[in-house]
Each structure stands twice: as C-alpha cells, then as structure tokens.
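To start, the structure under review is shown below, and the notes come after it.
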Amino acid sequence: MSDATMRGQDVHLQAMQVTYPNGFTAVQPTDLHIRAGEFFSILGPSGCGKTTILRTVSGFVEPSHGQVLIGGADMRGIGPNGRPTALIFQNLALFPLMPVWENVAFGLEARGVGKAARRQKAQELLELVALGDQGEKLPSELSGGQRQRVAIARALAVEPAVLLLDEPLSALDLKLRQHMRAELREIQQKTGVTFIYITHDQGEALTMSDRIAVMNAGVIEQVGSGDEIYSDPASAFVASFVGEVNNFAGRIAATEGEMARIDTASGQLLARNPRGLAVGDQAILFVRPEQMGFGEFRNTFDARLTRRDLEGAFINYEFVTDAGQHLVVHQTNHGAPGGEMTRARVGFDPGSALVLPEGPMARTGRELAAQ
Ligand SMILES: Nc1ncnc2c1ncn2[C@@H]1O[C@H](COP(=O)(O)OP(=O)(O)OP(=O)(O)O)[C@@H](O)[C@H]1O
Ligand SMILES: [Mg+2]
C-alpha cells in the first residue's frame, strides 16, 4: 500500500436530524460539509451529540430525517461495513493476546487477504505510526500512546476514506495527549484521509484542526478555523466554551456603525457589534483576558486584586471591580505589576471586545468544580 492509495472523501450532512427511539432528539436538523482530506473536529461539552453524529456517519445509527453523503454517495441503508469509514472508539480495545502486527492486520483477514500480504501491510502501517520495530510485542508491552497508535494503524488498515475518531486521547495523561496531537496531525497529512475528530478539549481542537464545529445541545453553533472561532465567536456559548473570557451582561444603548454601546452594571461600555444587535436588545459583552490591560482605556474600571498567579512567562490576575464584576487579566511577564499591587485601573479597547445576543453560555471549569 502506498500513501497515494488512501484518499480522503468529503462528508455531507443534509438537514440531518437524529431522534433516538425514546423520543429524545440528540442532533437537531444539521447541514454540514466536511471537505475531502480535511482534519475536522467537533467540539462540545458532554452529552451535546458528538458521538451521535459519528454514529450516523459510520452507519451504526440511521438519521431520523435528512441524509449523510460520503464522496457524494447517499449512505441510506448502507451498514457500517459497506461504508468507506473506520471508527476509533472513546475507549479503544486491542486484542491482548495478539501481537501488535496481528492487531493491525485484523480487519484484513475477513477480507481474504493472505498472511504474507497481511504481515507486509501491517509493517507499512506500523512504520507510518512510528512503531516499525514493535510489531512482535503484545499490546501490554507498549505504552498508552503506543497502543493508541496501534489502534490508529488498525483503523487505517482497511483503507478508509474517512477516519472517525471519538475522543481517542481521553485515556492518556496530559503530556502524552499533547505529544499525540502532533502525531495524529502528521499521520492525517501523510495519508490524506479525512479525519473527523470528536473532543470536548478545546486545546486539542485548536491545535490539530483545519476547521472546527462547536456544538451545544444538539446544535452546531459555529463552523470555522480555530482563529475564527476564538477571535470571532458566533454565539455566547462559543465565546464562553472556547478559551477564557470576561463577560458583562447588559442592554444595547446605542449603535454606531460597526460598534455598539451597552449599558451594564459596570457602566456604559463600547465594543464591536458583529451580529448587528439593535438598541434595546439584551446582550453580553465578551473580552478575552489577554486583551485586558492596566491603565486608561475607552472601557476602564477601578478594581481590587483578589488573586495573582505567576505561570512563568505569563501572569494571571483576578480582580473584582467596585461594581462587583469579576475580571481576569492575562499579561506576559514583562513589566507586569508585581504582587505588592492591591488595586488597579484595568480596561480594554472597544476593538478587542464584542457584543453577542444573550444566550446559553458554557459553564466554566470553576463552576463545574464547585458543584
Ligand atoms: N441510544 C440512546 N438513546 C437515547 N438517548 C441517547 C442514546 N445515546 C445517546 N443519547 C443521548 O443523546 C445525547 C447525546 O449523546 P452523545 O453520546 O452523542 O453525546 P456526546 O457529545 O458524545 O457526549 P460525551 O462527550 O459525553 O461522549 C445525550 O443526552 C445522551 O444521553
Ligand atoms: Mg461521546
């Protein structure tokens, strides 16, 4: 098998909805086009419907409405074995008593490939995932990251056009997970296979993907590059789920071209208005911690320092304004105020903040931990 024999195909969800037999709609009608050869991530909190989308692409679940097209072909009525897809589950399982190479070649035996050809192909795939000299070992003799790469090689053995990965790194520790991000990206680029990668970890999605869909409660709220999603979130949920953010609730008081003034408990603030909110609309102003600074800005607050964490290259500050608003400020450790500070003027420029319609926001890690 040469790399050229693996070729990605596109995946098209057309008005696709999934309602489970108990009547629960896990995926609201969705239109989504995933390009051939793309590393595409679906990012969202637990229970939002990510695995359900993968199940419909792989053929384990039929959509209740709409269709799935792969490489332009309607997949209706075609089961998992008839589709050009392979799936790597949330909790991967290798066969513990089979050497690594047989694990990789497992799917080929059912397809009538002879032993010598299976051995040969397994070897090529093991080299692709940088395990060329590990084929004779048992899975238990490998590290967690190596086992994960065996699972990827096994999924690639059947030459899928689309590889579906359901949180494949979730069982690994943080260091290994970060290392595997780069490896997965490299394998995807070498093979040209379309990867659909499910995760609830924004760092994974941002570092690996060509594009990301951010999903909440059965709805894809935004599709875009990592930069687009981080800098120009389409909804309150996306703004608060991807990255840290400061938010101010209020009501639009005036609009001026691309900008809007918003009345908040911390006074009237000025920000970008990308969704064209109108006077009187309930809205939330969002600004990233690294866009906040010390001194005088168009939007500035008197605030009391409640916490200062030195992270080495960065310093994270937490403040409470005199109006009771919590603020997070991230600064590079280069002339940033030291630990002796108790109060400060902090603020941000209007161009680095935006107002979005009031809507559901993601719960932060701190809120979840406090439960
Ligand atoms: N077979 C089923 N019957 C009924 N409801 C289901 C079924 N499978 C999943 N659900 C529900 O559908 C919703 C979406 O589930 P899904 O497994 O797609 O979530 P997920 O985004 O993959 O979550 P996680 O990150 O926890 O894996 C959940 O509310 C879940 O309880
Ligand atoms: Mg899942």
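The values are calculated or read from the model by the stated rules, or taken from the named source; none is laboratory data. Treat the numbers as computed from the prediction; the structure is a model and nothing was measured. Methodologically, a virtual Cβ is constructed for each residue, glycine included, from the backbone with ideal geometry; neighbour enumeration extends over all protein chains shown.
A quick yes/no check of all residues on (1) more than 16 Å from ligand 1 (Cβ to nearest atom); (2) of a type in the set (Asp, Glu); (3) modelled with pLDDT of 95 or more:
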position: Ser2; (1), (2), (3): yes, no, no
position: Arg7; (1), (2), (3): yes, no, no
position: Ser46; (1), (2), (3): no, no, no
position: Thr52; (1), (2), (3): no, no, yes
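Would you check if there is a residue in segment 17-29 being more than 11 Å from ligand 1 (Cβ to nearest atom) and under 21 Å from Thr194 (Cβ atoms)? Give the steps one after another, and end with the answer.
Here is the first cut: in segment 17-29, the ones more than 11 Å from ligand 1 (Cβ to nearest atom) are 17, 28-29.
Subset that is under 21 Å from Thr194 (Cβ atoms): none.
No, segment 17-29 has no match at all.
Could you list all residues from segment 61-88 that are within 16 Å of ligand 2 (Cβ to nearest atom) and either at pLDDT below 95 or not assigned by TED's automatic domain parsing to the domain that holds Thr194 (or both)?
Correct list: Leu87, Ile88.
If a residue must be closer than 17 Å to Ser352 by Cβ and either surrounded by fewer than 18 Cβ atoms within 10 Å (Cβ to Cβ) or without any contact (Cβ under 8 Å) to a residue 24 or more places away in the chain (or both), how many such residues does segment 276-290 contain?
The total comes to 1.
Find the residue count for segment 335-358, including only residues that are buried (at least 17 other Cβ atoms within 10 Å of the Cβ) and small (Gly, Ala, Ser).
5
Kindly list, by first and then second residue, each pair from a residue in segment 110-126 that is surrounded by 16 or more Cβ atoms within 10 Å (Cβ to Cβ) to a residue that is among the polar types (S, T, N, Q), limited to pairs with Cβ atoms under 9 Å and residues at least 6 apart or on different chains.
Qualifying pairs under 9 Å: Ala122/Asn103; Glu124/Ser2; Leu126/Gln134.
Tell me, which residue of segment 7-44 that is within 21 Å of Glu159 (Cβ to Cβ) and among the charged types (D, E, K, R) is farthest from the chain's Cα centre (by Cα)?
Filtering segment 7-44 for residues that are within 21 Å of Glu159 (Cβ to Cβ) and among the charged types (D, E, K, R), the one farthest from the chain's Cα centre (by Cα) comes out as Arg7.
Can Leu305 be described as part of a strand (DSSP E or B), farther than 30 Å from Ile34 by Cβ and not charged (D, E, K, R)?
Yes, satisfied.
Just name the residue that is nearest to Ser143 (Cα to Cα) out of those in segment 62-100 that are in contact (Cβ under 8 Å) with a residue 60 or more places away in the chain, within 16 Å of ligand 1 (Cβ to nearest atom) and surrounded by 13 or more Cβ atoms within 10 Å (Cβ to Cβ).
This residue is Leu92.
For segment 166-204: of the residues being acidic (Asp, Glu) and within 16 Å of ligand 2 (Cβ to nearest atom), which is surrounded by the fewest Cβ atoms within 10 Å (Cβ to Cβ)?
Asp201
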